[in-house]
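> Take a look at this one; I'll ask things after.
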Amino acid sequence: MADVARPQGEQVGAVHAPIRTYLTVWGWLFVLSAIAYFVDIIHLTGWLKVVLLTVLALMKAGLIMAFFMHLRFERLTLVYAIVAPLILLVAMLVGLVPDGVAVFVRR
Amino acid sequence: MERSGIHGILFALAVVVLVLVGVITIGDRWWWLPPLASVHGGQIDNLFTITLAITGSVFVLVHLLLAYFVWRYRERSAEQRAYFYLENRPLEVTYTLIPALVLTGLITAGTRAWFEIQGPPPQNALPIRVIGEQFAWRFQYPGADGQLGRFHPRFVSESNPFGIDPDDPAGRDDIVATELHVPLNRPVVAYIDSKDVLHSFFVPALRVKQDAVPGMTTRFWFVASQVGMYDIPCAELCGQGHYIMRGQMVVESDAAFESWLAQQPTIATMLGLSQ
Amino acid sequence: MATEHAVESVVVHHEPQSFWRRYIFSMDHKVIAIQYMITAGLMGLIGLVMSWLMRIPLAWPGESVPIVAKIFPGLFEGGVLRPDAYLAMMTMHGTLMVFFFLTAILLGGFGNLLIPLQCGARDMAFPFVNMLSYWVFLLSCLIMLASLFVTGGAAAAGWTAYPPLSALEKAVPGSGLGQTLWLVAMAVFIASSVMGGLNYITTVLNLRTQGMSMMRLPLTVWALFVAAILGLLAFPALFAGAVLLLLDRHLGTSFYLSHVVVGGEHIVREGGNPLLWQHLFWFLGHPEVYILILPAMGIASEIISNNARKPIFGYRVMVYSIIAIGFLSFIVWGHHMFVSGMNIWLSAAFTLTTLIIAVPSAVKTFNWLGTLWRGKLRFTTAMLFAIGFVSTFVTGGLTGIFLGNPTIDIQLHDTYFVVAHFHIVMATSSVFGIFAGVYHWFPKLFGRMMDERLGKLHFWLTFLGMYAIFFPMHYLGFMGVPRRYYGFGLLQYLAPNTQDIQLFISVAAFITGAAQFLFLVNLIRSIWWGRRAEANPWQGNTLEWQAPSPPPHGNWGEKLPVVYRWAYDYSVAGASQDFIPQTVPIEQEPTGEPGRHVPLPTVAATLSGDGNGKPLQNGG
Amino acid sequence: MVAEVTVQQVEQKPSWGGGISPFGVSWQKLMMWIFILSDAFIFGSFLISYATSRASVGKWVDTGKVFALHIAGSEIPLLLIAIMTFILVSSSGTMALAVANAYERRKKETVRYLFLTMLLGLTFVGCQAYEWTHLIVDYGVRPWWNPFGPPQFGAYFFTLTGFHGMHVLSGVIYLGIIARQVAKGVYDRRGSYANVEIAGLYWHFVDLIWVFIFTMFYLF
């Protein structure tokens, strides 16, 4: 009965992870941040560094969104609705940064 | 409800008049592009005409259909009933595909011309620097070494209004002018700079337009094909005097060009430096 | 993973009693809609007067107009509009019209009015934020208007505010405090529109009533929904750009600026990139024009279907094209920058996306024609504006194909051709959508009818007038007349008769502008003295017509309406009337909803003209 | 029993059919998500502007050196930033624990973790204040100038970290309000701790943005 009384559509018996999971994710975030830090201080350069750091950042972002922000336990449609628009930021990146390079060339 | 059919008839009539006005004034070229005076402009004008023909036909077709439907299917009696009709897949697919195909053609033609026009200039092109400022154009020609001296706004001063680097040896023999002269039928590449805000180097007769951006150099190359005097208005809002920012361009024979160039001052004389 | 009904938990509102709570600090979406419409309408009127002022020196260069000069003493000198005042008027006209009139009235006004009513909700998801959104919008209006009265005058760098012109105080008189206020007002406006957008999107997603599936939503809601998403994702780019520009102006940073010399004075900055602003601005700017046109499309679709007494032709395709246009509008921004010095490969990519976006637009046009075909067309004023919309949308849309082609754009960029193009496709068409909407939904809002005869006179003057103003502008564009020019005296390549065209345009603008006062008179008269309207004066199907006129706070009585069918069951075979409201159960009346109704009439039946069992009386 | 019946009935309805939340989230949570999306575009615009400017400037600054800490005579690159990252990630963890406790309606634990999160958030802002002071006073970095190279470095440093810091600070205030509500038992009476989860979304988002600022501004 208490469940029925919950107002405003809070999830009835919402699925969520045990606290252990949060701690594990937390741990991984530290590990990934540490790796990113070491990638920088061992003076890796060039494309390898860019690719590595980007992948690490995306992995961290994925972990935060999936577990901390709970997307792992939401309907897939919500996940799509949130992740899909971010493609436009990629479009923005693709539109702007080459132009920054072009400006550099034409200085 | 009052009878409203008369407005359908009027609307149909108005649309037909609109179509007629459009077709007559544009088809008969009452007002048209300035006479062409450059080689690459031919491509622009061709594409313009083709696009005009296509869009013009669609304009006429759609408006005539609109006029016909509005006139034909206006409400005439209370018992009349509209025809229930949901959709027609083949028809909808057709009128999705046809515009898509036509547009693909236009994209292909357009980008092809674009890369030709914007592509690298020929080796023998005459480099000219175009400098925009509030509210005038200035021009710099290479001297005997065929190289333009460096430009940067930080060199601008009362004695050096062109902002040419006085220490750049390539600039000493450069020639400066406030009027643009270009030789006929010879490729010219304009390196466009700005001292202050955005400007746009626009020569309507030559179908040339390229923004001048402070902090970077833009480029446009062309071949003038008609002798004459042409206006260079500024096409990017640049301040209060935007409307009076107008340069003069003269297209003349090689000989006339060379003799004109010989009369213009060099950077060295302007700055009181030795050649 | 089940949830309870979000809608049922919304408490039934009680009509607040005090005047202030009811009409001023109201959280009722309809009152907020009216507040938005009035405020935005006033901004539109101011924008209109500004366009008149601009047209004076263009028609009569250098001539003194002492009467007007007396009304606006700050802008005139010796009876002639000053060049810097011309630029300020031009800038403010664009800004006010695009953001403070069209965006505000379409999303704030029609969005607020139609989304809850047509979804079958009692109100917006978060009425308080909705109210806040209006007050923040009003604040941004006041800041923007205040900029007209500061030293140096209002911003004068164009509505696009390209730096360095907009970043340097010395570059143009309006680039002082006026430009700062412009940027601040825009930032505040963006905050307001984000608050609005949150509500619109959430309401459409979560607060639809039972049975109102996405594919049963009226096209108006679809269009407003997609437009709200565009605003929510595109405005942030301008917000970021505006913050950077403010820092460039007041903190000495070099985001957009490099070393320049203005008026003989060296301004020492280093390494900035003016193109960055253009990218950020147009990343908003292009979706923005679709924020303006999509709701107008939705309104036109709704009104055309209603007055043709026919279902909208190809509903599903209409929905898909709204979505496609919405998505594509984000990746075409670079076509504003073909001659800006942008990377030429990017230009080619943007050409591709730009011309692709023409396809769904074309499809929509043909679908409107398909809706008119064999309808029973009733020419209410709203309908006239809606078909006027179709005409102007086609005319203006087609000229976009020239400008989307970088090669042709070399010649036409920043000429009057561009001005003609966007004024017809975006400004005129949106305005027609707005007028159509006001004439159509006025009875619902105020419980009274507008005067149809005055309305029709208004339509004819506006329709002919808009074409008289903007069609000849294409000719000026052909001839290479640059835009944003205060005068053309120095340009020798222009034929002398360009001046005649300018004069013609100005006169047409004065008349068309004056005709808008007919609308104003009609509006004010009808609010108090109009004929009483019944609940469903246009025999419409959508939910708002099932509520009383005007609907009470909370819209519906005790129970929310339940939806059994789509919004376009007009002239269904075998039905007792030529319309069936969405709340009528399937057992009572047949439905034509795609996918669940009787099979489509065969081709033979189509040709013989009675595929519905009922012959067309005069129309077949 | 009653609850089960309701669930079954609701599940039979199509999720997009109206009268039901298609995403299975309340409108409050949905609104927060949409707001986050919009805010992500602001940060995205800033970060992409930064990338563009950096591409057009060419040379950049050795961030490892600038943000190094000197401890016991040796220079450890980016140490302060590493510590800040540690703090912010920790705060995300405590926030997650607060939300997890809120699901179980453990009032005291929820408040405790919320306070811990706020504390870590304030520490982060404190570190940032230290970093700003260090750069401004010791190195003379200004938005319009810096001793290391292109002025855009200072400009973007202050813009990005300032805007992010403002988000952290408003997050602390937001969490404070929520914690107060929890402590006062408002959510117990309402029977729903959903607001804690929604506040958590915002907090994690601020952490998420830091991941990208950390990577793009400090490490690249």
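> Once you order the gyration tensor axes a ≥ b ≥ c over the Cα atoms, which shape class does region B:178-275 get: rounded for a/c under 1.5, otherwise prolate or oblate by comparing a/b with b/c? It would help to have the intermediate numbers written out before the result.
Working: a/c = 1.80, a/b = 1.16, b/c = 1.56.
Oblate.
> Also: I want to check the label-to-label distance for residue C:527 and residue C:323. Put each point 7 Å from Cα in the C-beta direction and report it in nm to one decimal.
It is 4.0 nm.
> While we're looking at this one, here's another question. Please list, in order along region C:572-585, the HN-Hα scalar couplings obtained from phi with the Karplus expression 6.51 cos²θ - 1.76 cosθ + 1.60 (θ = phi - 60°), rounded to whole Hz, x for Gly and Pro.
6, 4, x, 7, 6, 10, 8, 9, 9, x, 5, 8, 7, x
> Another question about this same structure. Looking at C:481, C:465, C:284, which one has the Cα that reaches farthest to the positive end of the dipole of region C:2-529 (charges on Cβ: Lys, Arg +1; Asp, Glu -1)?
Value computed over the given set: C:465.
> Let me know the charge dipole size of chain C about its Cα centre in debye, to the nearest 20, where only the beta-carbon of Lys, Arg (+1) and Asp, Glu (-1) is charged. Write out the running numbers ahead of the final one.
Working: 32 positive and 28 negative charges, 190 e Å.
The calculated dipole for chain C is roughly 920 debye.
> Anyone know which of D:120, D:30, D:175 comes out most mobile in the 10 Å Cα GNM of chain D?
Result for chain D, Cα springs under 10 Å: D:30 fluctuates most.
> By average Cβ neighbour count within 10 Å, what is the ranking of C:234-241, B:23-30, C:343-350, D:211-218 from highest down?
Details: C:234-241: 27.0, B:23-30: 12.0, C:343-350: 19.1, D:211-218: 22.1.
Averaged packing, sorted descending, gives the order C:234-241, D:211-218, C:343-350, B:23-30.
> Using 1/(1 + (r/R0)^6) with R0 = 56 angstrom and r between the beta carbons of residue A:79 and residue B:259, what's the FRET efficiency to the nearest 0.05?
On the way: r = 74 Å, r/R0 = 1.32.
It comes out at approximately 0.15.
> Can you list residues from other chains, or at least 5 along the same chain, whose modelled amide H is less than 5 Å from the amide H of residue B:38?
B:225
> Could I ask something else about it? Which pairs, out of C:30/C:456; C:364/C:456; C:310/C:559; B:209/C:170; C:376/C:559, put more than 28 Å between their alpha-carbon atoms?
C:310/C:559; C:376/C:559
> Order the following by accessible area, largest value first: C:484, D:189. Probe radius 1.4 Å; ligands, DNA and RNA are ignored.
Values: C:484 25, D:189 180 Å².
These residues rank, largest area first, as D:189, C:484.
> Cβ neighbours within 10 Å, averaged per peptide: list C:436-445, C:321-330, C:100-109 in order, most packed at the top.
Values: C:436-445: 25.1, C:321-330: 20.8, C:100-109: 27.0.
With the highest mean Cβ count within 10 Å placed first, the list reads C:100-109, C:436-445, C:321-330.
> On to the next question. Under a straight-distance cross-link criterion of Cα-Cα below 26 Å, which lysines are reachable from residue D:65, leaving out those fewer than 8 residues away in the same chain?
Here the lysines satisfying the reach criterion relative to residue D:65 are A:49, A:60.
> Moving on. Ignoring ligands, DNA and RNA and using a 1.4 Å probe, state the total buried accessible area between D and C in Å², rounded to the nearest 100.
3500
> Identify, among B:128, D:41, B:183, the residue whose Cα sits farthest towards the positive end of the charge dipole of the protein assembly as shown, taking +1 on the Cβ of Lys and Arg and -1 on the Cβ of Asp and Glu, with the dipole about the Cα centre.
D:41
> Compute the relative contact order of region B:138-275 as a whole-number percentage, counting only Cα pairs closer than 8 Å that sit 6 or more residues apart in sequence. Before the final figure, lay out the partial values.
On the way: 286 pairs, mean separation 35.4, N = 138.
Answer for region B:138-275 is 26 percent.
> With charges only on Cβ, +1 for K and R and -1 for D and E, what is the dipole size of region B:141-275 about its Cα centre, in debye, rounded to 20? Kindly include the intermediate steps, with their values, before the conclusion.
Working: 9 positive and 16 negative charges, 71 e Å.
That gives a dipole near 340 debye.
> Rounded to the nearest 500 deg cm²/dmol, what is the calculated helix-only ellipticity per residue at 222 nm for the protein assembly as shown, with -39500 (n - 2.57) per DSSP H run of length n ≥ 4? Walk me through the numbers before you get to the answer.
Working: 37 runs with 675 residues, N = 1222.
It lands at -18500 deg cm²/dmol.
> For region C:254-404, go through all pairs of different Cα atoms, get the mean of 1/r, take its inverse, and jot down that Kirkwood value in Å. The partial results should precede the final answer.
On the way: mean 1/r = 0.0565 Å⁻¹.
Across region C:254-404, the inverse of the average 1/r is 17.7 Å.
> Please sort A:46-53, C:180-187, D:87-94 by packing, taking for each peptide the average over its residues of neighbouring beta carbons within 10 angstrom, highest first. Provide the component values of the computation, followed by the final result.
Working: A:46-53: 12.6, C:180-187: 21.6, D:87-94: 23.6.
Packing proxy ranking, top to bottom: D:87-94, C:180-187, A:46-53.
> Counting DSSP beta bridges in the protein assembly as shown, what percent are antiparallel, to the nearest 5?
75
> Let me ask you something else. On average, how much area does the Cα convex hull of chain B cover when viewed from any direction, in nm²?
Numbers: hull surface 84.3 nm².
Averaged projected hull area, Cα only: 21.1 nm².
> Applying the Karplus parametrisation 6.51 cos²θ - 1.76 cosθ + 1.60 with θ = phi - 60° to the phi angles of region C:203-218, what ³J(HN,Hα) value in whole Hz is obtained for each residue in order, glycine and proline being reported as x?
Residue by residue, region C:203-218 yields 4, 5, 6, 9, 10, 5, 6, 4, x, 8, 6, 4, 7, 10, 5, x Hz.
> I've got another one for you. Any idea of residue D:180's accessible area? Nearest 10 Å², probe 1.4 Å.
Result for residue D:180: roughly 150 Å² accessible.
> Enumerate the amide H contacts of residue C:257 below 5 Å, restricted to partners 5 or more residues apart or on another chain; note that Pro and chain-start residues carry no placed amide H.
It is C:272, C:273, by chain and number.
> Separate question: Leaving out ligands, DNA and RNA, calculate the buried accessible area for the pair A and D with a 1.4 Å probe, summed over both sides, in Å² to the nearest 100.
Working: alone 8920 and 12140 Å², together 16160 Å².
That pair hides around 4900 Å² of surface in total.
> Roll a 1.4 Å probe over the protein chains and send me the accessible area per residue for region B:215-275 in Å².
Values: 2390 Å² over 61 residues.
Solvent-accessible surface per residue comes out at 39 Å².
> Work out the P(r) tail for region B:126-180: percent of alpha carbon pairs separated by more than 14 Å, whole number.
49
> Something else now. Sort out for me the Cα centre separation of region C:70-110 from region B:201-275, rounded to whole Å.
What the calculation gives is 34 Å, centre to centre.
> Accessible area drop of at least 30 Å² (1.4 Å probe, protein heavy atoms): which residues of region C:488-515 qualify, relative to the chain alone?
Residues meeting the cut-off: C:490, C:491, C:492, C:493.
> Then there's this: Based on DSSP H assignment, which helices of chain B show an axial Cα extent of at least 15 Å together with a mean Kyte-Doolittle hydropathy greater than or equal to 1.0? It would help to have the intermediate numbers written out before the result.
On the way: long enough: B:5-27 (32 Å, 2.58); B:41-72 (45 Å, 1.27); B:89-118 (42 Å, 0.66).
For chain B, where a helix must reach 15 Å along its axis and average at least 1.0, the hits are B:5-27, B:41-72.
> Relative to a virtual label point 7 Å from the Cα of residue B:154 in the Cα→beta-carbon direction, which members of region C:237-258 show backbone nitrogen distances below 14 Å?
Within reach of a label on residue B:154, which here means backbone N under 14 Å from a point 7 Å along Cα→Cβ, region C:237-258 contributes C:258.
> Which residues belonging to region D:123-161 lose at least 20 Å² of 1.4 Å-probe accessible area when the assembly is complete, relative to their chain isolated?
D:143, D:144, D:151, D:152, D:155, D:156, D:159
> For the pair residue D:59/residue D:137, report the inter-label distance in nm, with labels modelled 7 Å from Cα in the Cβ direction.
Using points 7 Å along Cα→Cβ, the separation is 3.0 nm.
> What is the mean number of Cβ atoms from other protein chains located within 10 Å of the Cβ atom of each residue in peptide C:562-571, rounded to a whole number? Don't skip to the answer; put the middle values down first.
Working: counts 2, 3, 0, 0, 0, 0, 2, 1, 3, 5.
That works out to 2 on average.
> Mind checking the mean number of beta-carbon atoms from other chains within 10 Å of the Cβ atoms in C:346-354?
Working: counts 6, 5, 7, 4, 1, 6, 6, 2, 2.
Per residue, the number of nearby Cβ atoms from other chains is 4 on average.
> Okay, moving on. Return the value, in Å² to the nearest 100, of accessible area buried between chains B and C (probe 1.4 Å, both sides summed).
Result for this pair: about 10500 Å² buried.
> While we're looking at this one, here's another question. Across region C:311-322, in residue order, what do the Karplus-derived ³J(HN,Hα) couplings come to in whole Hz, using 6.51 cos²θ - 1.76 cosθ + 1.60 with θ = phi - 60° and x for Gly and Pro?
Residue by residue, region C:311-322 yields x, 4, 6, x, 3, 5, 5, 4, 5, 4, 6, 4 Hz.
> Sticking with this one: Can you give me the long-range amide H partners of residue C:77? Hydrogens built in the peptide plane at 1.01 Å from N, cutoff under 5 Å, separation of 5 or more residues or another chain.
The answer is C:82.
> Hey, another quick one. Hey, if you drop one equal point scatterer on each alpha-carbon of the protein assembly as shown and run the Debye formula without solvent, what base-10 log of I(q)/I(0) do you get at q = 0.10 Å⁻¹?
Reported log10 I(q)/I(0), two decimals: -1.41.
> Measuring from the lowest to the highest alpha carbon on each principal axis, how far does region D:62-219 reach, largest first, in angstroms?
That gives 58, 33, 23 Å along the principal axes, largest extent first.
> Rounded to the nearest 0.05, what FRET efficiency is calculated for residue C:507 and residue B:72 with R0 set to 35 Å and r the Cβ-Cβ distance? Mind dumping the intermediate values first?
Working: r = 35 Å, r/R0 = 0.99.
Computed FRET efficiency for residue C:507 and residue B:72 comes out at 0.50.
> Assign unit charges at the C-beta atoms only (+1 for Lys and Arg, -1 for Asp and Glu), then state the dipole size of the protein assembly as shown relative to its Cα centre in Debye, rounded to the nearest 20.
On the way: 74 positive and 70 negative charges, 537 e Å.
Dipole magnitude for the protein assembly as shown comes out near 2580 debye.
> Partner chain Cβ atoms within 10 Å, averaged over the residues of B:105-113 - can you pull that number for me? Could the numbers behind the result be given before it?
Details: counts 1, 9, 9, 2, 2, 13, 11, 2, 5.
Per residue, the number of nearby Cβ atoms from other chains is 6 on average.
The values are calculated or read from the model by the stated rules, or taken from the named source; none is laboratory data. Note that this is a predicted model, so its numbers are computed, not measured. Quick reminder, even Gly has a Cβ in these numbers, built from the backbone with ideal geometry, and neighbours come from all protein chains shown. Heavy atoms of the whole protein, side chains included, go into the accessibility calculation; ligands, DNA and RNA do not. Shrake-Rupley method; radii C 1.70, N 1.55, O 1.52, S 1.80 Å.
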